[in-house]
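Here the structure comes first, spelled out in structure tokens, and everything after it is commentary.
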């Protein structure tokens, strides 16, 4: 994908028009955007606007991590991912809303399809901003389901790469065994373009083209009983569409039933380490959700944590064996359509397994549930085979219905 020319005045007017309702940004400076668009170096992402999740350091905007503890906090420089994007010609549109420390306490962002519903978390602002066309790329992160779930709820593409593919320098830690950066984009091609930069340190020319997988495995996962009508409809429709073009089989996943609990154990233990200062020095400023996570982690012994890590490693070996038969797996991206904001940011249950396994995943939009709200599906590939997964995702994207657009964009 080559760079594109953006009319700064039109794009800034678009942001100004919809931001009061969507509330995707914690900070956005129109004058800086205009100046940066004029002075950005030429590169593969020239003219592209990027929203940066507010757990990621930026030199020119505050980084608050979704917490009152860090209100007005400024880093001394850009995180590695921001520096790479700038060098490739991209322009930062501002900082996007995150839940507190990328966990569960929500920010003010609304779902572009229904303001009464959550955009998902923790990458709330990045997903909503992309869905509304405010930015071309939303930088997101995932420790459980923080990228996949918002992509599903907001009807956009979410790419969570193989664990470790993108540099985490300048990113607030939550669970280092799982923390991963990724992107939220309007389409797979834009995710590929961003990946060619973020997988750096020097942008690479992409040769990725659509390619059909020879065999797809449908993974309802051991938590299928938690799937709502929207996800059941989406998975059935995806299976119907894909089976008309390639071999599709159901995959038995019972041996992975312990994965969600293993993920919770490891993440809780590490969050208690990563947020030790906030808990000890500013506990009264932390939300009940964060305090609960940390205290759960503090109750876990080192022996229990190490056992969970060993079991996780064993499951990764079992997952690798799945890909000796299947080129791509398809799984739910979220329990269903976006819940009401009063009910929280949604359950991460359908991503804990894949995050634990370190697999790359592309969440694809196009399908909807009974309320006509977006419902995504996850496409997964083998560990380290991100480019191949992109090829299969391009193929799948072309077969699925066109992603829905928020009614605000149709008016």
Sorted on mean Cβ neighbours within 10 Å (highest first), peptides 383-393, 46-56 come out as 46-56, 383-393
Mean shadow area (nm²) of the C-alpha convex hull around region 9-198 is 9.4
Shape descriptors of region 218-313 over alpha-carbon atoms, Rg and Dmax in angstrom, are 19.1, 58
Label model pair residue 207, residue 7: point-to-point distance (7 angstrom along the Cα→beta-carbon line) in nm is 3.9
So residue 224 and residue 21, fully extended at 0.36 nm per residue minus their Cα-Cα distance, gain in nm 69.6 nm
Expected sort for 283-289, 79-85 on mean C-beta neighbours within 10 Å, highest first, is 79-85, 283-289
Computed on Cα atoms, Rg of the chain relative to 2.2 N^0.38 Å comes out at 0.91
Plugging the Cβ-Cβ distance of residue 402 and residue 303 into 1/(1 + (r/R0)^6) at R0 = 51 Å yields, to the nearest 0.05, a FRET efficiency of 0.50
Mean Cβ-within-10 Å packing, highest first, puts peptides 197-207, 339-349 in the order 339-349, 197-207
Label model pair residue 68, residue 277: point-to-point distance (7 angstrom along the Cα→beta-carbon line) in nm is 2.0
antiparallel share of DSSP beta bridges within the chain, to nearest 5, in %, is 65
If the chain between residue 257 and residue 38 were fully extended at 0.36 nm per residue, the gain over the current Cα-Cα distance would be 73.6 nm
Pseudo-spin-label distance residue 324 to residue 409, built 7 Å along Cα→Cβ, given in nm, is 4.3
Using the Kirkwood formula on alpha carbons, the hydrodynamic radius of region 36-90 in angstrom works out to 11.9
Looks like region 256-411, by Cα gyration tensor root eigenvalues a ≥ b ≥ c and the a/c under 1.5 rounded cutoff (else prolate when a/b is bigger than b/c, oblate otherwise), is oblate
Region 352-369 scanned against label point 7 Å out from residue 232 along Cα→C-beta; backbone N under 18 Å for 368-369
Per the rule of 0.36 nm per residue minus the C-alpha distance, extending residue 244 to residue 173 adds in nm 21.3 nm
Quick note, region 1-101: a/c under 1.5 would make it rounded; otherwise a/b > b/c is prolate and the rest oblate (a ≥ b ≥ c, C-alpha gyration tensor); here it is oblate
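Throughout, read-outs are computed from the coordinates displayed, never taken from laboratory work. Quick caveat: nothing in here was measured; it's all calculated off a predicted structure. When we count neighbours, we look across all protein chains shown, and the Cβ atoms used for this are built from the backbone with ideal geometry, even at glycine.
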